[in-house]
Amino acid sequence: MLRTPIQHCKQCGTKVVYRLPDDGDTKERAVCPACNTVHYENPLNVVGTVPYFGDKILLCKRNIEPRFGKWTLPAGFMELDETTAEGAARETVEEAGAEFEMLGLFTLLNVARVGQVHLFYRARLLSDQFNPGTETIEARLFAEDEIPWDEIAFRTVKETLERYFADRRSGVFSIHCVDIV
């Protein structure tokens, strides 16, 4: 996994050591030799939506790295004190300036190699007018045959879009759990 290891104890500032904790844990953890605090490292949640208007999907062209200039669904890191659905809604407003009705969870994608879990909700757009924020160059609706597949920013977005269009064709939307390796 790509990560920056913990260097110092968040409680007392002492340099940590990586070892098995004394509590029977089976994974090496950052442990403070001074105060014995065990520091657990957990995945980050990325939350977003699959906003649709009729037969079209809303994509946002990124104005930030990584993947500047590539297309994505509106999504970002979940904040403290919000649910996954609240975070997905917040990101959709921030990145696309869209008005929408939040629907159910659609995809849950585990990206263990980078310590992330991505969750996308379906969202029915109430308007085809958008007011994108600073992280977005352009917010635009695409029919399935117009999706710029070679310009999609992230594999989680591509996997979600592929499942969305397949479910739409079948007439039944399911929840999809995917492991990205």
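The values are calculated or read from the model by the stated rules, or taken from the named source; none is laboratory data. Everything numeric in this text was worked out from a predicted model, so none of it was measured. No Cβ is skipped: glycine too gets one built from the backbone with ideal geometry, and neighbour counts run over all protein chains shown. For the accessible areas, the whole protein counts, side chains as well, though only heavy atoms, and no ligand, DNA or RNA atoms are used. Shrake-Rupley method; radii C 1.70, N 1.55, O 1.52, S 1.80 Å.
The figures follow:
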item: Computed E for Val172/His8 - FRET, C-beta separation, R0 41 angstrom, nearest 0.05; result: 0.20
item: Angstrom value of the Kirkwood radius, inverse mean 1/r, which spans all Cα pairs in the stretch 77-181; result: 14.9
item: Nearby lysines by direct alpha-carbon distance to Lys27 (threshold 20 angstrom, same-chain neighbours under 8 apart not counted); result: Lys10, Lys15
item: Spherically averaged projected area of the stretch 1-93 from its Cα convex hull (nm²); result: 9.0
item: Solvent exposure of the chain as accessible area per residue, Å², 1.4 Å probe; result: 55
item: For the chain, convex hull of alpha carbons as volume per residue, Å³; result: 142
item: Solvent-accessible area, 1.4 Å probe, carbon plus sulfur percent, for the stretch 20-121; result: 52
item: Exposure ranking of Phe106, Phe100, Phe173, Phe68 by accessible area [1.4 Å probe, largest first]; result: Phe68, Phe173, Phe100, Phe106
item: For the stretch 72-122, alpha-carbon Rg over 2.2 N^0.38 Å; result: 1.12
item: Listed residue (Pro33, Gly69, Phe130) projecting farthest to the positive dipole end of the chain, Cβ model; result: Pro33
item: Per-residue ³J(HN,Hα) for the stretch 50-64, Karplus 6.51 cos²θ - 1.76 cosθ + 1.60, θ = phi - 60°, Hz, x for Gly and Pro; result: 10, x, 10, 9, x, 9, 10, 10, 8, 10, 10, 8, 5, 10, 9
item: Rg to Rh, two decimals, where the stretch 133-181 supplies the alpha carbon set and Rh follows Kirkwood; result: 1.00
item: The chain - share of DSSP beta bridges that are antiparallel (%, nearest 5); result: 65
item: Rounded to the nearest 20 debye, dipole of the chain from Cβ charges on Lys, Arg, Asp, Glu; result: 520
